[in-house]
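Contents: one structure, followed by commentary.
The values are calculated or read from the model by the stated rules, or taken from the named source; none is laboratory data. Given the structure is predicted, the values throughout are model-derived calculations rather than measurements. We place every Cβ from the backbone using ideal geometry, glycine too, and count neighbours over all the protein chains shown.
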Amino acid sequence: VIAQKTARENGPKIDLQILVYPVTDGRMDSATWKDETRQLFLTSELMEHFWRHYADDEQLTDPEASPLLADDLKDLDGLAPAVVLTAEMDILRDEGAAYAKKLEEAGIPVTYKDFKRQIHGFVGLAEALPVGFEALDWVSTRIDAHLNSVDHFDAVIVGAGFSGMYQLHRLREMGLNVRVFEAGTDVGGTWYWNRYPGARVDIESVAYSYSFSKELEQDWVWSEKHATQPELLEYANHVADRFDLRKDIQFESKVASAHFDDDMNEWLVTLENGDAVRARYLIMASGVLSASKKPDIAGYDNFKGETYNTGQWPHDPVDFSGKKVAVIGTGSSGIQTIPLVAEQAEELVVFQRTANFSTPALNRTLSNSEIDAVKKNYPEYRTECRKSRLGAISPEPQLDRAMEATAEERESRFNTGWETGLLPSFFFAFGDILTDEKANEAAQEFIRDRIRGIVEDEQTREDLLPNTHPYGTKRPCLDTNYYETFNRENVSLVNLRRTPIDTITEKGIKTSDTEREFDAIIFATGFDAMTGPLLRVDIRGSKGQRLIDAWVDGPQSYLGIGVSGFPNMFTINGPSSPSVLSNMMVSIEQHVDWIADCIGWMNNNDKTRIEPDRSAELQWTEHTAQMADMTLYPQAESWYVGANVPGKPRTFLAYVGGVGVYREICDQIADGGYYGFEAS
Ligand code: NA7
């Protein structure tokens, strides 16, 4: 009544009205008023006694006693936003709900909550009925949200790598108001952080590029078969300039938490510096290999010399000339950087825990005629990539079984694979390399033979032979002179399976047999893949549930896009989507387009909340695991299963069914009205 009256009579400004099971209607005839089962604590008889104390018959229906009966709310200027709370088992429930509705219809911002199974007075009985505290929390959150009013966006995107950049572009084209938060000082994601010497993409550049803009596709010229990190970063910058993306990206802004607000159906996103915004949609474009892993090596902090992490390389070039350098780790990052560091350093010692399969990248500059040929056929080329298994179509995949071919045929195909210098060569040589142990063993032996033919020192050669896991079940690598580098005088290998690291010391690295001194140590020890970038943000979904708790036994997700209990959150390339098993650009574009279409559908259908239903999520999670179990992937201690992070639950983190099949499934789900999602 006071809120109305001040608005009507230009009285003091009321900022927010908080109505706790309010009395709004002197007619005393609502359904809950008359309901026998609700005569608890506050009965109709007692309430009528109160009414009569204040008002005579005529005053009962005066809006200054019964605010519900005012008929000028729409015309009132400056009526305060309202927070309305009712108790379900209260005789006043209906009139409180009716008033909330009336305010809303008059265009006043209202948050309304009916506390189920509660009686009148429950908030004041918090000591006896703890749900009262919940109600107090709810009210204080509402007050907080009102006082600390923050900027509102339709969507917040976390990360300005290739996925966040394109997602921003798509949503902005739809007319949405979007804010991107990026920890780095500029765009590029993976290619912004991984600046180590030798960093390159290992999918052909013409395929690892955006397809959404025909003009971009035609204008940009890739100089090499596999672009270097500087060229990829230049491409990211070009795209940011071309589509004027930076104006909606806030750099040096690391997201600390994202909490879902069930009443408003929106996310409160808070940065590490405490700044916050609200958004209807939260899109995690935070990458899959972006949470750099502090290696689990004793004495990590002891070393007094220079340390580098390939995943967080300095922006200024590092000069290793005349230095004694150690590299720990022989995954893609280590294998790419070792040959270049070896050329500079006085001495390089490589610490290898697991010998990995690597084949030559045979990188080269692209000729004009090659580039023209691709550009002429780009539409067909992109279509084929999207339909394929890996999102890349060179060389042509063969489907027959390796062990049904003659030994000569196998040798010939593997040989071609070795000589094409493309990552999928060995996967594509036969149809069963990743499903049949013997087929895989044949590929392994071929590669081991090649290594034997390159490495001169007998012990080093033996140590470099990968024999702990099937080919491809740890991410295979493409290299330039990796094995040849071990023939250099200044390079040596330490096999940590024979002489494990005891500790890092002030001066170097102590293995079980000796201590070596270094000027610099390069850690190429990998990432907390797939789930790390999501779980490093304090994400809390509906009813405050933490993502880290929901995923305590491993990630569960529907399509790798959404998580039950975390409404309006989308994960680009999330766990149980093809993601890391594919050409990331193809998968990124597919997810971004799907998410944009879904948000468009929500808006067109007046829906404000969407999340996967739990059964659809469980089915997809099980399907993902079953598909992986049909392959050799689970046999390796790889980051694909989380084995590289101590304590991480072991689950296969990607969808092996292929990007073409996966896209078809996602499209069918969307066409079927977002089957498996609950939208309201
Ligand atoms: P990876 O592929 O995870 O490689 C990390 C390497 O570091 C790998 O050889 C690990 O040996 C080694 N490592 C990790 N921890 C240790 C400790 N504590 N001691 C010794 N060695 C260790 O990461 P990358 O950055 O190379 O590549 C990641 C992906 O980026 C790559 O697959 C591409 O998709 C792009 P391990 O094999 O665990 O025995």
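Observations
- Taken over the stretch 153-175, the criterion of being in a helix (DSSP H, G or I), buried (at least 22 other Cβ atoms within 10 Å of the Cβ) and not aliphatic (A, V, I, L, M) is satisfied by Phe162, Ser163, Gly164, Tyr166, Gln167, His169.
- Unique residue being surrounded by 22 or more Cβ atoms within 10 Å (Cβ to Cβ), among the aliphatic types (A, V, I, L, M) and either away from the ligand (no atom under 16 Å from the Cβ) or over 17 Å from Ser292 (Cα atoms) (or both) when the list is Val180, Val150: Val180
- Strands (runs of 3 or more DSSP E) wholly inside the stretch 265-368 that include at least 3 residues being among the aliphatic types (A, V, I, L, M) and away from the ligand (no atom under 16 Å from the Cβ): 266-271, 276-284
- Under the condition of being buried (at least 18 other Cβ atoms within 10 Å of the Cβ) and in contact with a strand residue (DSSP E or B) (Cβ under 7 Å, 6 or more places away or on another chain), the residues counted in the stretch 481-495 number 7.
- Unmet requirement for Arg413, which otherwise passes all of (1) crowded, with 20+ Cβ neighbours inside 10 Å; (2) within 16 Å of the ligand (Cβ to nearest atom); (3) not small (Gly, Ala, Ser): (2)
- Selection from the stretch 2-37 of residues that are within 18 Å of Ala100 (Cβ to Cβ) and assigned to a helix (DSSP H, G or I): Ile2, Ala3, Gln4, Ala7, Ala31, Thr32, Trp33
- Leading residue by the ranking (surrounded by the most Cβ atoms within 10 Å (Cβ to Cβ)) among those in the stretch 195-232 that are more than 13 Å from the ligand (Cβ to nearest atom) and of a type in the set (Asp, Glu): Glu204
- Residue within the stretch 239-252 that is within 26 Å of Glu611 (Cβ to Cβ) and away from the ligand (no atom under 16 Å from the Cβ) present: yes
- Subset of the stretch 250-264 [of a type in the set (D, E, K, R) and either closer than 17 Å to Val180 by Cβ or outside any loop (DSSP other than H, G, I, E, B) (or both)]: Glu252, Lys254, Asp261
- The stretch 451-474 - residue that is under 17 Å from Ala636 (Cβ atoms) and of a type in the set (Ser, Thr, Tyr) and, of those, farthest from the ligand (Cβ to nearest atom): Tyr471
- Selection status of Tyr235, more than 30 Å from Lys607 (Cα to Cα), more than 14 Å from the ligand (Cβ to nearest atom) and surrounded by 15 or more Cβ atoms within 10 Å (Cβ to Cβ): yes
- Top-ranked residue of the stretch 487-520 - restricted to ones that are hydrophobic (A, V, I, L, M, F, W, C) and part of a loop (DSSP other than H, G, I, E, B), ranked as farthest from the ligand (Cβ to nearest atom): Phe518
- Qualifying residue in the stretch 285-295 (condition: touching a strand residue (DSSP E or B) at 6+ places or on another chain (Cβ under 9 Å), farther than 23 Å from Lys254 by Cα and of a type in the set (A, V, I, L, M, F, W, C)): no
- Residue within the stretch 655-664 that is away from the ligand (no atom under 16 Å from the Cβ), more than 19 Å from Val288 (Cβ to Cβ) and either in contact with a strand residue (DSSP E or B) (Cβ under 9 Å, 6 or more places away or on another chain) or β-branched (Val, Ile, Thr) (or both) present: yes
- If the condition is being farther than 20 Å from Thr141 by Cα and either small (Gly, Ala, Ser) or part of a loop (DSSP other than H, G, I, E, B) (or both), then the stretch 98-117 contributes Ala98, Ala106, Gly107, Arg117.
- Filter result (within 24 Å of the chain's Cα centre (by Cα) and among the β-branched types (Val, Ile, Thr)) within the stretch 223-248: Val239
- Single residue of Ala616, Ala625, Ala636, Ala643 found to be surrounded by fewer than 17 Cβ atoms within 10 Å (Cβ to Cβ) and either within 16 Å of the ligand (Cβ to nearest atom) or under 15 Å from Ile561 (Cα atoms) (or both): Ala643
- Screening the candidates Phe243, Phe260 for the property of being touching a residue at least 24 places away in the same chain (Cβ under 8 Å) and closer than 30 Å to Ile548 by Cβ yields one hit, Phe260.
- Test: Arg386 is crowded, with 20+ Cβ neighbours inside 10 Å, away from the ligand (no atom under 16 Å from the Cβ) and of a type in the set (D, E, K, R): no
- Residue count for the stretch 521-537, restricted to those that are more than 16 Å from the ligand (Cβ to nearest atom) and not in a helix (DSSP H, G or I): 2
- Helices (runs of 4 or more DSSP H) wholly inside the stretch 538-645 containing at least 2 residues that are polar (S, T, N, Q): 584-604, 614-629
- Checking the stretch 670-680 against the condition returns no match, with no residue being within 25 Å of Asn467 (Cα to Cα) and either away from the ligand (no atom under 16 Å from the Cβ) or crowded, with 18+ Cβ neighbours inside 10 Å (or both).
- Cβ pairs under 8 Å, 6+ apart, first in the stretch 342-357 and closer than 25 Å to Pro424 by Cα and touching a residue at least 60 places away in the same chain (Cβ under 8 Å), second of a type in the set (Asp, Glu) and assigned to a helix (DSSP H, G or I): Gln352/Asp463; Ala355/Asp463
- Candidates Thr270, Thr307: the one that is hydroxyl-bearing (Ser, Thr, Tyr) and farther than 21 Å from Met165 by Cα is Thr307.
- Residue in the stretch 333-340 that is within 31 Å of the chain's Cα centre (by Cα), more than 20 Å from Glu224 (Cα to Cα), at pLDDT 95 or above and crowded, with 19+ Cβ neighbours inside 10 Å present: yes
- Number of the condition not met by Thr460 [criteria: (1) over 22 Å from Gln336 (Cβ atoms); (2) polar (S, T, N, Q); (3) free of Cβ contacts under 8 Å to residues at least 60 places away in the same chain; (4) not in a loop (DSSP other than H, G, I, E, B)]: (1)
- Within the stretch 475-486, considering residues that are in a loop (DSSP other than H, G, I, E, B) and polar (S, T, N, Q), the one farthest from the ligand (Cβ to nearest atom): Asn481
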